[in-house]
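The structure appears below as structure tokens.
The values are calculated or read from the model by the stated rules, or taken from the named source; none is laboratory data. None of these values were measured; they are calculated from a predicted model. In this analysis, Cβ positions are derived from the backbone assuming ideal geometry, glycine residues included, and neighbour counts consider all displayed protein chains.
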Amino acid sequence: MRNFSEPIYEAETDTEINTNKIRKRNDTKQLERDQKSNIIFTQSKYNAVDIDIGEYASAHAWIELRNANAQYLVKNFAYNSGGEAYSKFIKNNGKAAIEISKYNNIILPYIGEEIFHVETVKYLFAKFSRGKQKIPVNPNMEYLITLDEKINGEEIWEGLNVLFSNKGKDTLIFSERLKEIENFLKLRYVPSHKIQEVLDEFIRQEIFKKTIEYVDNHNGNWALGIDGKKVRVFPVYDFDFCSRIRNIKIYETLSDNQKTDLKSFIMQYKELPWIKRYISEVIQSFDIQKLIGIASEKTEINIPNEVRVYFEDFYSKKKDILEQIFKEILQQKSKGDDGICI
């Protein structure tokens, strides 16, 4: 977790976590791919595994690669599940809606990491060969896969369990979530400074979610990773219905004024000592064209031009909104000063 009183690009200090992440992100380069860059799985290349980390992003199955120290989550695309509101969006937008839903999973994790400095699950596309497989898959379908983000020895506590563990109630009010997290970690004797780091990271993650219009933000879709006294906010996942792709079920957190918009959220937490520097850094890093290029290069996936155009337009406007919020709420203006202060 980053301290925003220090340089924002400072390296993480946890060697175990760093080594784990480097391993995971390099393993995909050696995997067989088809002409569309789908990673190809055959029965002989993987074992089915059972990892107890809850629902975890609508998991279809877990597999472990043979001859490699890596595990993958296999996940269906959410747009296959339909829903009245989404079906209407498909009818009005055709193939474009499907493509946006699909590539949300590829592009948004890099927006999260490179711009908002939050941990996000990295997805890739995969297909399974025809014939008998260890898990029930359709060889005509594309799937999402991601390397396991769970660190060895780590417990994953989903939001619903965190809230209900203190005999609380399920809630979409963000400040109530924070209070329940704080109470939960105190009961586990987590040091107060570590608890504050978790709460700050949770706020940064929420700013990212509200910017990308993450509308499946219920309490089964966030989690804490705990290993003894070590604790972290678990990576964001399940990006299908972002970027104005909406499902019939919409879950968005509420500020204390009962509003869901980003401005109300930042207004509520504007007195935090790190918030001004953080939003300023986000704005300066917000180059959507560069980020799409990074996502394409690192995943080895060619992102279609119409998808690029949609994302460039959508997130250029999001950057403008963030700049306006910064000027209205966080910037200390002097006469004639229209620039962004750091």
Would you mind listing the strands (runs of 3 or more DSSP E) fully within the stretch 118-162 where at least 3 residues are within 21 Å of Ala48 (Cβ to Cβ)? 124-128, 143-147
Any residue that is of a type in the set (Lys, Arg), within 22 Å of Lys102 (Cα to Cα), surrounded by fewer than 17 Cβ atoms within 10 Å (Cβ to Cβ) and in contact (Cβ under 8 Å) with a residue 12 or more places away in the chain - is there at least one of those in the stretch 240-262? yes
Select from the stretch 299-313 the residues that are within 20 Å of the chain's Cα centre (by Cα) and surrounded by fewer than 16 Cβ atoms within 10 Å (Cβ to Cβ) and write down the one among them that is nearest to Lys210 (Cα to Cα). Glu312
Residues in the stretch 222-239 that are touching a helix residue (DSSP H, G or I) at 6+ places or on another chain (Cβ under 8 Å), at pLDDT 85 or above and not in a strand (DSSP E or B): how many? 2
Check Glu158 against each of (1) at pLDDT below 85; (2) surrounded by 17 or more Cβ atoms within 10 Å (Cβ to Cβ) and name the one condition it does not meet. (1)
Within the stretch 280-293, the count of residues that are part of a helix (DSSP H, G or I) and under 18 Å from the mean Cα position of the chain (by Cα) comes to 5
For the structure I just gave you, tell me whether Pro191 is without any contact (Cβ under 8 Å) to a residue 24 or more places away in the chain and either more than 24 Å from Ile115 (Cβ to Cβ) or polar (S, T, N, Q) (or both). no
